[in-house]
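Enquirer: Here it is: the structure, laid out below.
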Amino acid sequence: MRGKLTKLEKAWVLYDVGNSAFVLLVSTIIPIYFNYLSESAGISSAEYLAYWGYAASIATLAVAVIGPVFGTLADTRDFKKPVFVVSLMVGAIGCLALGLSESWIVFLGIFIIAKIGYSSSLVFYDSMIQDVTTPERLDVVSSQGYAWGYIGSCIPFVASLGIVLGAGSLGISMKTAMMISFLIVAVWWVGTTIPLLRGYKQIYYVEVRGNVISQSFGRLFDTMKDMKNEKRILWFLIAYFFYIDGVYTIIEMATAYGTALGLNTTGLLLALLVTQIVAFPFAIIFGRLSEKYPTERLIMICIGAYFGIAVFALFMRTQIQFWILAVCVGMFQGGVQALSRSHFAKLIPPQKSGEYFGILDICGKGASFIGTALVGLVSQVTGDANKGVGVLTLVFVLGFFLFRKSVKAEPQKEG
């Protein structure tokens with residue numbers, strides 16, 4: 001079952017390599033540049049972390065609203081690729097535009113737009129997995145996507161990091177260095193997507209006659225109405241809402257959190273680079289373990305590990321502790337993301353994959369506004385960034401027990 005990746009599977013994996021560069025930029029360099037802009041405007045570290053959390057929340061909330069609708073529309077024959085391309089370009093152009101802003105509030109506005117484009121593209125990209133591989137290879141291919149995304153994203157990141165940290169030696173300003181960095185990531189993102197755009201063909205789809213948009217809304221309404229009968233899917237979505245919310249919050253706010261604690265910027269960036277490197281082999285390991293052990297058991301192990309990570313974050317004070325945290329996150333980040341994606345793909349009808357992955361996005365990235373907003377709110381109210389991140393222990397506990405309920409539920413009915 002393992003075997004080599006097919007040409008189309010490789011093209012699909014390559015998009016993970018491209019979009020992960022933007023993810024790494026969001027979790028590292030972008031928060032530092034926003035901190036630079038906010039400090040110039042006299043904003044405190046607690047307010048900085050709060051505003052960053054609110055911006056991330058607005059972006060993910062917007063995707064929660066549009067994701068299911070666009071996902072359902074993408075299930076229509078020959079629609080998935082076009083809507084995917086539109087989302088990709090919104091994200092990439094937004095990434096370029098970030099380098100042009102000098103005001104912290106304008107910067108946040110552009111970031112929100114770019115993040116919406118990126119997150120929307122993932123709704124369609126994730127749903128493409130059933131078109132590019134076979135059911136028995138879902139776990140392996142999904143894990144390969146995350147694995148190569150982690151290691152591949154390091155290439156533009158290292159280039160960008162070198163330019164930003166060496167701006168003075170290169171004789172350029174911080175603003176110019178950031179503009180070059182955003183350009184590198186945008187070009188890398190679009191360039192790695194070309195093979196997928198050339199080779200992808202939508203195999204599973206819904207035939208629509210008449211008004212495509214109105215029928216898409218109708219199908220989405222029917223699915224939401226019938227969800228109560230699909231217990232395994234319903235409980236999985238609720239569980240995913242909580243545990244992946246915590247995962248994405250940690251990814252998005254790691255650098256902002258470390259910066260708020262006053263840790264060394266260079267050390268933070270290098271630690272997060274280590275996270276990517278560690279995540280590469282561990283994502284592949286979890287994919288191979290899925291051939292020997294139930295995917296559900298592996299997901300529960302990952303959720304339990306993230307609970308421990310959130311507890312550790314409560315007491316983090318030093319640079320070395322941040323490095324330990326970064327390594328631990330790298331060990332389980334790819335596993336929980338990749339196996340959750342493939343596990344869900346096994347539960348849903350392939351011809352409605354865009355619709356279901358759009359709904360999943362409400363409970364995943366679309367719902368992560370709760371985690372980022374909670375971290376921002378608790379940090380601002382208490383004036384303590386540790387307490388802000390520590391609140392994530394609650395979402396992992398809820399996610400674990402709700403996922404167990406999904407596993408024990410009766411399989412969905414056929415037809």
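Enquirer: Specify the residue that is modelled with the highest pLDDT; the eligible residues are those in segment 6-51 that are in contact with a Phe, Trp or Tyr (Cβ under 6 Å, 6 or more places away or on another chain) and aliphatic (A, V, I, L, M).
Expert: Here the residue is V13.
Enquirer: Quick check on my filter: what residues within segment 273-315 are within 17 Å of E136 (Cβ to Cβ), in a helix (DSSP H, G or I) and open to solvent by 60 Å² or more (accessible area, probe 1.4 Å)?
Expert: Result: R288, single match.
Enquirer: In the list K352, K346, which residue meets the criterion of being over 23 Å from L394 (Cα atoms), open to solvent by 10 Å² or more (accessible area, probe 1.4 Å) and at pLDDT 90 or above?
Expert: None of the other options fit; the residue is K346.
Enquirer: Being among the charged types (D, E, K, R) and within 21 Å of P195 (Cα to Cα) is the filter; apply it to segment 76-109 and report the residue that is least open to solvent (accessible area, probe 1.4 Å).
Expert: Out of the qualifying residues, it is K80.
Enquirer: Can you confirm whether Y205 is at pLDDT 90 or above and over 21 Å from the mean Cα position of the chain (by Cα)?
Expert: It is false that Y205 is at pLDDT 90 or above and over 21 Å from the mean Cα position of the chain (by Cα).
Enquirer: Please specify each residue of segment 241-272 satisfying the condition of being open to solvent by 20 Å² or more (accessible area, probe 1.4 Å) and either outside any helix (DSSP H, G or I) or at pLDDT 85 or above (or both).
Expert: Matches in segment 241-272: F241, F242, L261, G262, L263, N264.
Enquirer: Going by the structure shown, is D16 outside any helix (DSSP H, G or I), touching a residue at least 40 places away in the same chain (Cβ under 8 Å) and under 24 Å from Q202 (Cβ atoms)?
Expert: Taking the combined requirement at face value, the residue does not satisfy it.
Enquirer: Please determine, by comparing only the residues of segment 110-126 that are among the aromatic types (F, W, Y) and under 28 Å from E9 (Cβ atoms), which one is surrounded by the fewest Cβ atoms within 10 Å (Cβ to Cβ).
Expert: Among residues in segment 110-126 that are among the aromatic types (F, W, Y) and under 28 Å from E9 (Cβ atoms), the one surrounded by the fewest Cβ atoms within 10 Å (Cβ to Cβ) is Y125.
Enquirer: Tally time: how many residues in segment 277-304 are of a type in the set (A, V, I, L, M, F, W, C), over 25 Å from G152 (Cα atoms) and without any contact (Cβ under 8 Å) to a residue 60 or more places away in the chain?
Expert: Residues flagged as of a type in the set (A, V, I, L, M, F, W, C), over 25 Å from G152 (Cα atoms) and without any contact (Cβ under 8 Å) to a residue 60 or more places away in the chain within segment 277-304 amount to 1.
Enquirer: Ok, one more. Checking the condition surrounded by fewer than 18 Cβ atoms within 10 Å (Cβ to Cβ), in a helix (DSSP H, G or I) and at pLDDT 85 or above, which residue from V381, V327, V395, V336 passes?
Expert: Just one listed residue meets the conditions, V327.
Enquirer: Considering (1) within 23 Å of W235 (Cα to Cα); (2) at pLDDT 90 or above, say which one I362 fails and leave the rest.
Expert: (2)
Enquirer: If you scan segment 155-179, which residues turn out to be more than 25 Å from V86 (Cβ to Cβ), in contact (Cβ under 8 Å) with a residue 24 or more places away in the chain and either hydroxyl-bearing (S, T, Y) or open to solvent by 50 Å² or more (accessible area, probe 1.4 Å) (or both)?
Expert: Hits for segment 155-179 are I155, V158, S160, L165, M174, K175.
The values are calculated or read from the model by the stated rules, or taken from the named source; none is laboratory data. Just so it is clear, the structure is predicted and the values come from calculations on it, not from any experiment. Here the Cβ is made from the backbone with ideal geometry for all residues, glycine too, and neighbour counts use every protein chain on show. Just so you know, the surface numbers come from the protein's heavy atoms only, side chains and all, with ligands and any DNA or RNA stripped out. Shrake-Rupley method; radii C 1.70, N 1.55, O 1.52, S 1.80 Å.
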